[in-house]
Each structure stands twice: as structure tokens, then as C-alpha cells.
1. Within region 357-396, how many residues are part of a loop (DSSP other than H, G, I, E, B), over 19 Å from the mean Cα position of the chain (by Cα) and of a type outside the set (Asp, Glu)?
2. Hey, which of the strands (runs of 3 or more DSSP E) in region 267-338, taking only ones fully inside, have at least 2 residues that are more than 22 Å from Ile390 (Cβ to Cβ)?
3. Looking at Gly249, is it more than 13 Å from Phe192 (Cα to Cα), open to solvent by less than 60 Å² (accessible area, probe 1.4 Å) and at pLDDT below 95?
4. Quick check on region 326-334. Is at least one of its residues under 19 Å from His369 (Cβ atoms) and buried (at least 18 other Cβ atoms within 10 Å of the Cβ)?
5. Out of (1) in a helix (DSSP H, G or I); (2) of a type outside the set (Ser, Thr, Tyr); (3) surrounded by 13 or more Cβ atoms within 10 Å (Cβ to Cβ), what's the single condition that is false for Phe354?
6. Here are some conditions: (1) of a type in the set (A, V, I, L, M); (2) buried (at least 19 other Cβ atoms within 10 Å of the Cβ); (3) closer than 23 Å to Ile395 by Cβ; (4) touching a Lys or Arg at 6+ places or on another chain (Cβ under 9 Å). Ile42 meets all but one. Which one does it not meet?
7. Have a look at Ile157, Ile178 and point out the one that is within 22 Å of the chain's Cα centre (by Cα), within 18 Å of Val355 (Cα to Cα) and modelled with pLDDT of 95 or more.
8. So which residues in region 368-390 are open to solvent by 60 Å² or more (accessible area, probe 1.4 Å) and closer than 30 Å to Asp235 by Cβ?
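The values are calculated or read from the model by the stated rules, or taken from the named source; none is laboratory data. What you see is a predicted model, and the numbers here were worked out from it, not measured in a lab. All Cβ positions, even for glycine, are placed from backbone atoms using ideal geometry, and neighbour counts span all protein chains on display. Just the protein is used for accessible areas: all its heavy atoms, side chains included, with ligands, DNA and RNA removed. Shrake-Rupley method; radii C 1.70, N 1.55, O 1.52, S 1.80 Å.
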Amino acid sequence: MSLKEKIFKQLEENEERMIEIRRHLHENPELSFEEEKTAQFIEEFYKDKDVTLTTNVGNGYGIIVEIEGGAGEGPTIGLRADFDALPIKEEADVEFKSKNEGVMHACGHDGHTAYMLILGEALIDLKDEWKGRIKLIHQHAEEIPPGGAKSIVESGILDDLDEVYGIHLFPTIDVGDITVCAEEAMTGRSNFDLKIQGSGGHGAMPHTTNDALVAGGYFVTSAQTIVSRRMDPNDSVVVSITAFDAPGGYNVIQDSVTLRGTVRYLSMDNMEPVYEEMKNLVEGLERSYGVDCTLDYVYDYPVLYNIPEIIDEIEATLEESAGTYFDKVYRAKPQAASEDFAYYLEKKPGAFIFVGAKPEGVENAYPNHHPKFEVNEKSLLISAKALADIVLNKIQ
């Protein structure tokens, strides 16, 4: 029996454990930078295994599990899974619903962690049959900037990596499908908060006020011209206003309004120009409406770039297995979402790919970050095998 067959057999035999782990994590989600019990669960899993375990890596609860292969010298490969949840009240109709009110695994990180734990166990049990070294990166805080990946990279613990790989589950992709994207695969991201301070007053006497709500409404509309009139039409840029906070009564013009939003771009060349255009708009609001504006603009995750040659290699590797544990692998367009896995790929070659997790009998699945988000648990075994396929191509 080949090493691949042995690993796949062990993964198959432990699929139910994989699902049980995922459901346990789903029931007990923790927000970014607050994942203390999740980290303890992961640490406990590796407690009696022949690995080097480093905890509290980076700016939170990051965990690095180092496995030494026993078959000689070889590359050092990083495999990453994140484990934080989101501030979302779960509406999915599942038996293992979140027990933490207002917190939900709505992006599949519970599944990422579950398949990585069982894959890690298989690699540990069979480590005498492969060469080199594997570092499992159990990463905290992917969802909230500044994220966990950047700080893990800056810690230096991954400096010896030769390559790094990761997988993300997407319920909008059919289960059994694996998609890959060369070059720019996920957008870069910046987030902003804008406070507009005016002078309030009586709703019947607007002429005595400097109405922050009117200024805010104008900003919501005019911000869209950054994309339509300032960015190259050939570039992919998104500016979204995601919150507009101005509570009040019928006859009171509030004196301030707070807006929040996000910016996405597929080229890092557009990172700073969007900010400059937004700053100009804000300065215009101050002059036009007699308000004072405070713009807090944060450059966040970079564009996630997959090296084309590595994607070619992954695609060829997976195509050899197509029709066995999954149906097909194909090239897909870039994802508009952002990922701090991009920080690993800024420093080391590697790739980030997507595994379909569409629930059974569903045509239009709820996307990641939706309160009714669900994944098909068949995708866990597929993910574990796909990542094993990729790494075995390097360490045999």
C-alpha cells in the first residue's frame, strides 16, 4: 500500500471524528482574538503526539505544530487552517447550533480546523514514511484586522518554510468541485470609519443646523464615483458603505453620523489611490456642508497572489485524482472576498485553493458570513485528501 493510500485510508476511517470535531467547534464558536477555549481544544488534541507544539504565536492564540518526517531530508511545508468565528446570530437550522449567542462559525473555519486536525494526525502517525518537515499553522483571528497571519509571519517561526498551502470551504461551489485561481485570487482589503460632526437642532428648523445626515447621505452616493469615475474600468475595485448610524427621533436633527465601509481591489496599485480619492471627498463634505469629518482608514489585508506555476502543478496533481474522492478541478475567477493568508504568500511561495461545500438539495446556497450559512460535511474529507495530495507531491 502506498503512503497516499495509507493516509487516505486513515482519513476515511476518521471521517466521523472529523465531523464530530467540526460540530463541537461549531457549537462553541469564539470571536477573533478571543479563541482561548478553541486554542485549548487544539492543544489538547496534540498533547500526547510526537510533535513540537508552540502556542500563543503572534498577536493571539496562534498554534504551530511541527512534525519531523523520518525518511530523510526534504522541504519544510506549511499547512494552514484558521479557527475564529464571526459576530453573527446563527439562523441555520442545524442540531449543533451555536451555544454562544451572537457568535457563529459562518465562514467554515470550524471545518478547516476539523479536517486539519485529522490530517495532521495521519501525517504524524505515518511520519516515518515521508521526508522533510511539516508545520501545521492553526491560526487565530482571520476575520478581524490586523488578523493573525501577519503577526505569525512576523514572529519568524515560519522563516524556514519552503512553501505554504491552504484551503477554504465555499458553499456556493458544488460539493465535489475544487477550484483554483492563478495570479490574483482574492482581493486586497481596506476598512474605514467616517464620523461626520455637524450641529443638530429642531427638525422644523433645518436652516439653523449643519445637517450631518445630509452630508452622510451625499457621501454614500458620491463614494461610488471613486470606482465609476476615478478607477481604471479594467481594474476590479469595490467601495461598499456597510453601516450608517444616526439614531434619533422625528423632530430632532442629529448633530453627528457615523459611517463604516470596506474597499476591495485586485491590484495593490489601487490601495492608496482609493484612500486619496476618499480623503478628497471628505474634505469636500467639510467645505460644502460646514461639518467636521474624521476619517479612520486602515490599509488591511493585501491581495492574495497564487504563483501561476504552482497552480499549474496543483491542478495537474489533483487532476490525477479527479473522479476518485472528488469530481473535478477547474480554473475559477478571483474571489471578491479577502483573506489574510495573503501575508504568508507575500513571504513564501505556495497557493490557496477552494473546495466546494454546497449543502445537499440546495440550488442557491447561503454564502459565507450569512446567518444561515451551512456547509456540506462531505467537503471536510475532500479537503483533507486534497491537501494531502498536494503535500505528498512534495515530501515523498
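1. Here the count works out to 5.
2. 292-299
3. So Gly249 passes the test.
4. No, region 326-334 contains no residue that is under 19 Å from His369 (Cβ atoms) and buried (at least 18 other Cβ atoms within 10 Å of the Cβ).
5. Going through (1) in a helix (DSSP H, G or I); (2) of a type outside the set (Ser, Thr, Tyr); (3) surrounded by 13 or more Cβ atoms within 10 Å (Cβ to Cβ) one by one, Phe354 breaks only (1).
6. (4)
7. Ile178
8. Hit for region 368-390 is His369, nothing else.
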